[in-house]
Amino acid sequence: MCGRAAAVAPDPAAVRIERFEGGPFAENTYLLTCESTGTRVVVDPGFAARDVIRALDLEGAAPEAILLTHAHIDHVDGIPLLVQRWPDLPVRLHERDRGYYEAVGKQASWFGLAPFELPEPTYDLDASLTVSYGDEIDLAVRYAPGHAPGHVMFVHEASSRALVGDVVFRGSIGRTDLPGGDHDLLLRSIAREVLTLPDDMELLPGHGPATTVAVERRTNPFLRSLSVSGAGRDGSGSGGPTAGSGAPEGGR
């Protein structure tokens, strides 16, 4: 299945974000480009990572890092292709998704996929950290567990865009039947980390089309009963268990 690229939004802060969708999970891989320096960062490389590589090769460019919202298999299965092409490419994620990252072979078995290995990452994407690349790629890290124990979001405040992974989708929210998932915790994360964002903030999810905070606040049936919360931004004491051995049902 081939992926496809789409420009996500205008670039008021000189950061271009392209979405590449593909594979059996229809996962969104994002390529961020700082237009002033040419610096590139890949977020959640899934099946469509091969299309990201083609796009980079056409521009004679190379990424500086891989950032993960979480380590479910559909968000990491493109990493081997990227590190094969650029062996020193660093991978960064939250410590509480170590279990999923290290158990990628077990994850593959859940879905009948061939096992593969991942490079050693850096577990440093903590809440309230801002990761910066080039002159314009400044991403505020927000910790939002529930779909996965170490799930984070990346907020680019200058252009009012947020890469939210599988926390929230247009009209839906992330599944919580996988090991380490917690439905109530996910709802608290959404109230704390999504609904506190400006209404015009564009949300770029791990599956499906983009949406906004206002649209989801108004129309998402899972969010209508939620109140905005600003407490516990560091997620202390609410990380949930690490990846276990149970086989999940299908879904995203």
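The values are calculated or read from the model by the stated rules, or taken from the named source; none is laboratory data. Given the structure is predicted, the values throughout are model-derived calculations rather than measurements. Note that we place each Cβ from the backbone using ideal geometry, even for glycine, and neighbour counts take in every protein chain shown.
A single member of ALA162, ALA158, ALA108, ALA127 is buried (at least 24 other Cβ atoms within 10 Å of the Cβ) and either touching a residue at least 12 places away in the same chain (Cβ under 8 Å) or in a helix (DSSP H, G or I) (or both), and it is ALA162. Scanning the range 29-65 for residues that are surrounded by fewer than 20 Cβ atoms within 10 Å (Cβ to Cβ), touching a strand residue (DSSP E or B) at 6+ places or on another chain (Cβ under 8 Å) and either at pLDDT below 95 or in a loop (DSSP other than H, G, I, E, B) (or both) returns GLU35, ALA61, ALA62. Residue count for the range 197-234 under the criterion of being at pLDDT 95 or above, of a type in the set (Ser, Thr, Tyr) and surrounded by fewer than 14 Cβ atoms within 10 Å (Cβ to Cβ): the result is 1.
Any residue that is on the phi < 0 side of the Ramachandran plot, crowded, with 16+ Cβ neighbours inside 10 Å and touching a residue at least 60 places away in the same chain (Cβ under 8 Å) - is there at least one of those in the range 77-95? Within the range 77-95, none of the residues are on the phi < 0 side of the Ramachandran plot, crowded, with 16+ Cβ neighbours inside 10 Å and touching a residue at least 60 places away in the same chain (Cβ under 8 Å). Filter the range 165-186 down to the residues that are crowded, with 18+ Cβ neighbours inside 10 Å, modelled with pLDDT of 95 or more and in contact with a Ser or Thr (Cβ under 9 Å, 6 or more places away or on another chain), then identify the one that is nearest to ASP44 (Cα to Cα). Ranking the qualifying residues of the range 165-186, first place goes to GLY165.
Please go through the range 142-154 and pick out each residue that is over 11 Å from the mean Cα position of the chain (by Cα) and either of a type in the set (Phe, Trp, Tyr) or surrounded by fewer than 24 Cβ atoms within 10 Å (Cβ to Cβ) (or both). Passing the criteria: only TYR143. Would you confirm, using the coordinates I've provided, whether LEU139 is crowded, with 16+ Cβ neighbours inside 10 Å, out of contact with any Lys or Arg (no Cβ under 9 Å at 6 or more places or on another chain) and within 12 Å of THR69 (Cβ to Cβ)? Answer is yes for this residue.
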